[in-house]
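See structure below.
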Amino acid sequence: MTLTQLIRDKTFLRTDPVTPYREAVRTQAMRHTQRRVAGEVVDLIRQRRPHESEEIKQYRADNERQITRAGVEQFSSKVSRIISNGLTINGRSEELQEYLDGKPFYDTGNYYDLEGYLYDVLLPMAWEDPNLLAVAFPYNPLRPEIAPNNAVVDGGLAEDERLGIIPRVVRPTYCDDDLFVFEGGEREIMVGEQKTYETYYFCADATFWYTLEPSWRIKDEAGGRELVYTAKVWYRWDLGKSPVNYLPGQSKTTDKGKYRESFLLPYYTLADEVIGAFSDNQAVRVRFHHPIVSIAEAPCYNASCNHGHVKVDGKKTTCGVCHGTNKVLLPSPYGTIVKPKKQGMEDKSAGQSALDYHSPDIGILQLSETTWRTLLKEARQTIGLDLLDGTGVESGRAKDLRLEDLHDLLTKIGMSVGVCAVQLCEQLEALRQRDPGQRSEMTAHQPPSYRILEASELKEYAEEALFEDRYAARMAYYEHKYRGQQQRISLYELALSIAPAILLNEEEIQNRLAAGSLTREDILRRDYSIAVLERLLREKVNMEKLGEEEARKAVTDYLNNMGLLTSAVPLPAANAA
């Protein structure tokens, strides 16, 4: 749709036919991602038991436990770790990289670089609502309320003044393949002497950012008015392609139009059932996890009670013992009953218990407990959690088959994250570099598969990989083995940089020594670099800040101090000869 058609038909003001689908995606996800506050009613529980009294429904809502949130958070953490280790955005210009290194992305008190923003902010949002857009919004840092595209005399930016950029996530009121619209705020408009407040909008296409400004105009001779909108250029960015950049998700098409589903849809579908089943189980536990008690009828033992009521300061009120029933009741599973004296030994019921205990069929308890647990386990397994629980020892092929669906899901998510990241970088580049001819071309590169390997498999692959793949394979092994120990990971990264012969096997070393492409010092560095860096690490040297030249010098100094560079120490090739 063109901008002219959009404004003429006021399409962005009308509910899109596909909007109910987008809202359904978000509503379903929020049951399992957002904390609920006291008194907030859970729609699924009400729908599950529509004929229950309001008191029971409220009791269920007040005692709800959000046991499905943990699955989303664990999945998000796992996916972020796996994909971030394999996905890279290539082709970023030095100027853009410098901008990204400055952590320009902000969310709830924290500043992020690109990777942090992708995995800590955008992905969690995407699990909940993949119909949101990630955009780079231009503004005038000197006067934010003035369009940066205005002439300098009208408050706009001069050529040498830096454009302000705010990376943000927006919910579009209208979106197609060519442009999108979202709310900007309110404008104060005078209609005669009356003041009104109307919403204005931002719109972006491949060439411009606009504001859609509201105004009232007379539409007929009777003086009737209608709200109309006018497009005003906010900024020219010459992006050269569609600015629509959805958060990671799966595109779906209906007869109403296109929308996006969350990658966690299979989990949410079963997790909805878990909410109801767990609430039912709470009721079963409250009712049946202690014996049901029947009480021999006994009148209230409160001497002041008169048919369930007592007088306090001359006013009639409900008895605090029998609660208006005029009979002794068991108040809770932990309560006790006081027998009245007239039921003592001289009574005809002497020797009989005032209480009888009735135990429910244990099968009810077991079925209620296992139902929600089974549903929760199946839900978690749809997104790759707990897939190996209880499988025991199995072959690598069996594990691959078990994890095949998870690997496919990770690949789809990785591709979607890569598209979102590249498009966001392109928008940032367009706002940082005004000349389209000077902008870099960026691509997302991801591994052929996100197959999850054990440490032993990573080590074996690192030893057998082609030479050009060995560095990446060896680092993948170290990152897995020393996960969370960034100092040690940096140590091995330095060692591989200053002593690349570590990547060679003995046969390759001998061949290279014989050919003269390796020196005696290369072999000594291979043998001693890790040990020297380990010693520096114990001395509290920061491996992340230690440069290659400093590390290389430390190893050289050690070899010199030990006399290894001057003494005739036999090397593998010499022995072979």
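The values are calculated or read from the model by the stated rules, or taken from the named source; none is laboratory data. Every value quoted in this text rests on a predicted model; they were computed, and no experiment measured them. All Cβ positions, even for glycine, are placed from backbone atoms using ideal geometry, and neighbour counts span all protein chains on display. Accessible surface is based on the protein model in full, side chains and every heavy atom, while ligands, DNA and RNA are left aside. Shrake-Rupley method; radii C 1.70, N 1.55, O 1.52, S 1.80 Å.
Data overview
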| item | result |
| --- | --- |
| Glu457, Glu493, reordered so the largest accessible area comes first (probe 1.4 Å) | Glu493, Glu457 |
| Packing rank of 373-382, 178-187, where each peptide gets the mean count of other beta carbons within 10 Å, highest leading | 373-382, 178-187 |
| Paramagnetic reach from Gln485 (point 7 Å along Cα→Cβ, amide N under 20 Å) across the range 523-559 | 527-546 |
| Å² per residue, accessible surface of the range 483-553 at 1.4 Å | 56 |
| Surface share of carbon and sulfur [accessible, 1.4 angstrom probe, percent] for the chain | 50 |
| Net length gained if the chain between Asn90 and Thr11 were fully extended (0.36 nm per residue, minus Cα distance) | 24.6 nm |
| Whole-Hz couplings from phi, Karplus 6.51/-1.76/1.60, listed for the range 259-265; x for Gly and Pro | 8, 10, 9, 6, 5, 8, 3 |
| Interchain or long-range residues, amide H under 5 Å from Arg225's placed H | Lys219 |
| Sequence-distant aspartates and glutamates (8 or more away, or on other chains) whose Cα lies within less than 19 Å of Lys103 | Glu94, Glu95, Asp113, Glu115, Asp120, Glu426, Glu429, Glu544 |
| Estimated distance in nm for a label pair at Ser304 and Val191, the labels positioned 7 Å out from Cα along Cα-to-Cβ | 6.5 |
| Projected label distance in nm at Gln433 and Arg535, using a 7 Å step from Cα toward the beta-carbon | 4.7 |
| Probe 1.4 Å - accessible area at Leu118, Å² to nearest ten | 10 |
| Extended-chain gain in nm, criterion 0.36 nm per residue less alpha-carbon gap, Thr269 and Ser497 | 77.2 nm |
| Percentage relative contact order, the chain, counting C-alpha pairs under 8 Å, at least six apart | 14 |
| Accessible surface, the range 27-165, averaged per residue in Å² (probe 1.4 Å) | 52 |
| Computed E for Lys316/Val169 - FRET, C-beta separation, R0 56 angstrom, nearest 0.05 | 0.35 |
| Percent breakdown of C-alpha pair distances by 5 Å bin, ordered from the shortest bin, for the range 484-565 | 3, 15, 27, 21, 17, 10, 5, 2, 0 |
| Simple label model, 7 Å out from Cα along Cβ direction - Ser440 to Glu213, nm | 3.8 |
| Protein-only accessible surface order, largest first, of Val244, Val274 at 1.4 Å | Val244, Val274 |
| Surface accessible to a 1.4 Å probe, Phe208 within the full protein complex, Å² | 50 |
| Helical mean residue ellipticity (222 nm; -39500 (n - 2.57) per DSSP H run of 4+; nearest 500) of the chain | -13000 deg cm²/dmol |
| Spatial separation of Cα centroids for the range 111-188 and the range 422-484, in angstrom | 28 |
| Packing rank of 306-317, 429-440, where each peptide gets the mean count of other beta carbons within 10 Å, highest leading | 429-440, 306-317 |
| Accessible surface of Ser84 - all protein chains present, 1.4 Å probe, nearest 10 Å² | 50 |
| Prolate/oblate/rounded call for the chain, Cα gyration tensor, a/c under 1.5 rounded | oblate |
| Helix 455-464 axis, angle to the chain major axis (alpha carbon atoms, nearest 10°) | 20 |
| Accessible surface ranking that places the most exposed of Arg236, Arg512 first, with a 1.4 angstrom probe | Arg236, Arg512 |
| Net charge of Cβ neighbours under 12 Å - reference Val284; Lys, Arg +1; Asp, Glu -1 | -1 |
| Kirkwood hydrodynamic radius of the range 81-171, Cα pairs, Å | 15.2 |
